[in-house]
Amino acid sequence: MSTKLLLIDDHKLFREGVKRILEFEPSFEVVAEGDDARNIVELVEQSNPDVVVMDINMPEVNGVEATAQLLEKFPRLKVIILSIHDDENYVIHALKSGAQGYLLKEMDSDTLIEAIKVVDEGGSYLHPKVTHNLVREYRRLTEDSTKNSSEVTHTIEYRKPLHLLTRRECEVLQLLADGKSNRGVSESLYISEKTVKNHVSNILQKMSVTDRTQAVVTAIKKGWVKVL
């Protein structure tokens, strides 16, 4: 069965470009589209999509507000936010509203397709650049908390998780933490994107997490990756 998509973006040229990309994917079907979120509840009722792909900046009702409205009425619906902002505040607001994905509009077509498939299967997906920014902010807050704490704490020592992952999987995990997409990992390690996907799948299974964001955050907490 195909994944039914609703596409909302007030920039017609961008929306048409995204739609064209999605229509080339055999497992996707764009069942409806719109240029604002004012009547998005009615549009979802009419088209019954599996995933809504929606711009964050729109007149009258923005993507975050629309996401909260939708998920209150359709709790099983999946929402991916599109944005030009990589600031963690935008990301956090989107995630708090219930969005399962956050992509920057500078994404390539492979990232868009991968994100929709991951979210449709119940996972979450953040643009690699956004993931890196969130991880960096998490590290900063952790360090500030440690400095301000009166308790004696030990700095997390960096160590590769060779007890759990292969050396190649450790390299892939580090590159994910660096904000690399599958294509970026592929180019860095001179391996195919298919091989990268297999490594990522193995990493998620071995770490008992559902998506790459959770894998990176867990790795940061355990000191398994270096954060610049």
- Task: For region 164-191, name all the residues that are at pLDDT 90 or above and assigned to a loop (DSSP other than H, G, I, E, B).
- Result: 164, 165, 166, 190, 191
- Task: Give the residue, chosen from 211, 144, that is open to solvent by less than 20 Å² (accessible area, probe 1.4 Å) and modelled with pLDDT under 85.
- Result: 211
- Have a look at 114, 65, 72, 42 and point out the one that is outside any strand (DSSP E or B) and either open to solvent by less than 40 Å² (accessible area, probe 1.4 Å) or closer than 16 Å to residue 125 by Cα (or both). 114
- Query: With 83, 47 as the choices, which residue is modelled with pLDDT of 90 or more and surrounded by fewer than 17 Cβ atoms within 10 Å (Cβ to Cβ)?
  - Reply: 47
- Query: Restricting the search to region 88-111, which residues are buried (at least 17 other Cβ atoms within 10 Å of the Cβ), among the polar types (S, T, N, Q) and part of a helix (DSSP H, G or I)?
  - Reply: 111
- Item | Every residue from region 56-83 that is in contact (Cβ under 8 Å) with a residue 60 or more places away in the chain and among the aromatic types (Phe, Trp, Tyr) | none
- Message: Of the residues 48, 39, only one is without any contact (Cβ under 8 Å) to a residue 40 or more places away in the chain and not β-branched (Val, Ile, Thr); which?
- Response: 39
- Query: When region 87-105 is examined, which residues are found to be at pLDDT 90 or above and within 15 Å of residue 132 (Cβ to Cβ)?
  - Reply: 102, 103, 104
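For every residue, the table says whether it meets (1) within 18 Å of residue 129 (Cα to Cα); (2) of a type in the set (Asp, Glu); (3) under 19 Å from the mean Cα position of the chain (by Cα); (4) surrounded by fewer than 19 Cβ atoms within 10 Å (Cβ to Cβ).
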position	(1), (2), (3), (4)
177	yes, no, yes, no
191	no, no, no, yes
201	no, no, yes, yes
215	yes, no, yes, no
219	yes, no, yes, no
- Note on the structure: Checked region 7-29 for anything more than 12 Å from residue 58 (Cα to Cα) and crowded, with 18+ Cβ neighbours inside 10 Å; matches are 7, 15, 18, 22, 28
- All-but-one check, residue 53 against (1) touching a residue at least 40 places away in the same chain (Cβ under 8 Å); (2) more than 22 Å from the chain's Cα centre (by Cα), failing number (2)
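The values are calculated or read from the model by the stated rules, or taken from the named source; none is laboratory data. Nothing here was measured: the structure is a model prediction, and the numbers come from that model. All Cβ positions, glycine included, derive from the backbone under ideal geometry; neighbour counts span all protein chains shown. The accessibility values were calculated without ligands, DNA or RNA, using every heavy atom of the protein model including side chains. Shrake-Rupley method; radii C 1.70, N 1.55, O 1.52, S 1.80 Å.
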